[in-house]
Amino acid sequence: MKYLATGASTLALALAAGSAGAAGLDRSGQSLLPIFAADNTAALSFGFVNPSIDGEDIGGAGGDYDDVGESYTQTGLAYTNAITPQLNYSLMFDQPYGADIDYDANPLTSNLGGTYADLDSEALTFVMRYKIGERFSIFGGIKAERVNADVGLNGVAYRNAISTSAATRGFNAGLPAGAPALDSTTVGAALAGSPDAAASIDGTYGAGTTAAIGAAFEGLSDTFAATDGYEFEMEDDTKAGYVLGFAYEIPEIALRFSAAYSPEIEHDGEITERIFGETFTSDIDYVTPQSLNLDFQTGIAEGTLLLASYRWTEFSAVDLVPTRLGSDLVNLEDGHRYTLGLGRAFTKDFAGSMSVTYEPEGSEDVVSPLGPTDGLWGVTLGGRYSNGGMNLSGGINYSWLGDADAGVAGQPVASFEDNHAVGVGLRAEYTF
């Protein structure tokens, strides 16, 4: 049993290293598995992820985008102890969501130059587990989650899309009550040279309307370029949520199946927007997504453990729509992450592991420029050394990131192919 437990812990660490390039904004995976640790156990984990994400403009003059994804670190803490033989608890700290994207190119000539995203989050979770006999247990708890973000949208593609939308809104604001509003898609087509779209606009609103909107667009576009595009800052917001789960175990063969559910958490905060040379402050409401983690393990031979996991995250329900911009900054599909691995204890002191991770491609033709990859395959190797109550673990992950076209207003503006990410993780665990 000790060999099996060692293998399980080793693989858990290796899987943490495998968060490189995880779906959407996912970073930590929000695992509640520390609740199953031995009594009076403290753990500290650290991860470093270095993505290599390069792309090139589609139909633009901006050339290549080098190292769009910036490296980042992950820190985790956990402490687990028992209150009674049937009741134990765990206190966990993690960084559940994040984004570090920067298009370091000329915004006047490239579609996405000057676009960036910096999202940070931390969560503190307290969980209690109650054992119902030898095999069943239920657990649940509360957590506090903090989120903040800075986003910039710039480059030719965003300049055209945002200026078109602003020109359309300005025109609609001057219409008499009851008049049909003009759609920005039709305006965009007319400004791009579509005679049918221009004829439709002028036929509905009067001759010269397309030209007037075009003049407004040119003025807005020039101002957008001269004032560094669109910038969004969201202040820290901390809100409470809860977690629920259950587990079924057969200790004799190291079998355990657990399910952990985290509902969405409603946030609100003050935001600052800078656009067309003006600064605006307002409030925004948004949610962080609900998620479900399924984890399975079982011994398959002496000292050998099979592990599998699945994580679903409902990113499609996350809408971050600033007041002045008027469109969603997130725009992500749901995340699905599958992992299969083996842990093997080679001696009483050393164990190793290997796992494969898969995230399927999404169904959309284009993805957000703030997450310019689609799906992944990853391989993770890990090892653990034990000495008394001290356990030291390490893991390394290599992930192949799926090709994708990044789009603005539904149109592809940059292509990303043959990219990857490398992640390493370290964990120190001590049982007192």
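The values are calculated or read from the model by the stated rules, or taken from the named source; none is laboratory data. This structure is a prediction, so every number in the text was calculated from the model and none was measured. In this analysis, Cβ positions are derived from the backbone assuming ideal geometry, glycine residues included, and neighbour counts consider all displayed protein chains. These area figures cover heavy atoms from the full protein model, side chains too; ligands, DNA and RNA do not enter into them. Shrake-Rupley method; radii C 1.70, N 1.55, O 1.52, S 1.80 Å.
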_Condition check: under 25 Å from residue 236 (Cα atoms) and assigned to a loop (DSSP other than H, G, I, E, B). Does residue 287 satisfy that?_
no
Selection over the range 43-100 where residues are in a strand (DSSP E or B) and over 26 Å from residue 156 (Cα atoms) yields a count of 30
Residue 128 fails exactly one of (1) buried (at least 20 other Cβ atoms within 10 Å of the Cβ); (2) in a strand (DSSP E or B); (3) of a type in the set (A, V, I, L, M, F, W, C), namely (1)
Among residues of the range 72-122 being buried (at least 18 other Cβ atoms within 10 Å of the Cβ) and of a type in the set (A, V, I, L, M), the residue nearest to residue 59 (Cα to Cα) is 112
Q: Return yes or no: is residue 197 assigned to a helix (DSSP H, G or I) and out of contact with any Lys or Arg (no Cβ under 6 Å at 6 or more places or on another chain)?
A: yes
Selection from the range 218-266 of residues more than 19 Å from the chain's Cα centre (by Cα) and in a loop (DSSP other than H, G, I, E, B) yields 227, 228, 229, 254
If you go through 246, 280, 257, the only one that is touching a residue at least 24 places away in the same chain (Cβ under 8 Å) and within 24 Å of residue 168 (Cβ to Cβ) is 280
Those residues of the range 315-349 which are more than 19 Å from residue 266 (Cβ to Cβ) and crowded, with 22+ Cβ neighbours inside 10 Å amount to 337, 339, 341, 343, 345
Filtering strands (runs of 3 or more DSSP E) wholly in the range 325-432 for at least 3 residues that are aliphatic (A, V, I, L, M) gives 335-345, 350-359, 376-387, 390-401, 404-408, 419-431
Across the range 165-182, the tally of residues that are under 35 Å from the mean Cα position of the chain (by Cα), surrounded by fewer than 14 Cβ atoms within 10 Å (Cβ to Cβ) and in a loop (DSSP other than H, G, I, E, B) stands at 0
Taking the range 408-429 and keeping only residues that are within 30 Å of residue 164 (Cβ to Cβ) and either touching a Phe, Trp or Tyr at 6+ places or on another chain (Cβ under 8 Å) or crowded, with 22+ Cβ neighbours inside 10 Å (or both), one is left with 408, 413, 414, 416
When (1) open to solvent by 50 Å² or more (accessible area, probe 1.4 Å); (2) of a type in the set (Val, Ile, Thr); (3) farther than 30 Å from residue 243 by Cα are applied to residue 138, the one that fails is (3)
Matching residues in the range 350-366 (under 18 Å from residue 291 (Cβ atoms) and either open to solvent by less than 50 Å² (accessible area, probe 1.4 Å) or modelled with pLDDT under 90 (or both)) number 4
Going through the range 199-211 in order, the residues found to be under 24 Å from residue 157 (Cα atoms) and open to solvent by less than 60 Å² (accessible area, probe 1.4 Å) are 201, 209, 210
Going through the range 289-314 in order, the residues found to be among the small types (Gly, Ala, Ser) and either open to solvent by 50 Å² or more (accessible area, probe 1.4 Å) or more than 21 Å from the chain's Cα centre (by Cα) (or both) are 299, 301, 303, 308
Within the range 253-283, the residues that are of a type in the set (Val, Ile, Thr) and modelled with pLDDT under 95 are 253
Residue hits (the range 252-285; surrounded by 13 or more Cβ atoms within 10 Å (Cβ to Cβ), more than 30 Å from residue 138 (Cβ to Cβ) and among the β-branched types (Val, Ile, Thr)) are 271, 272, 275, 284
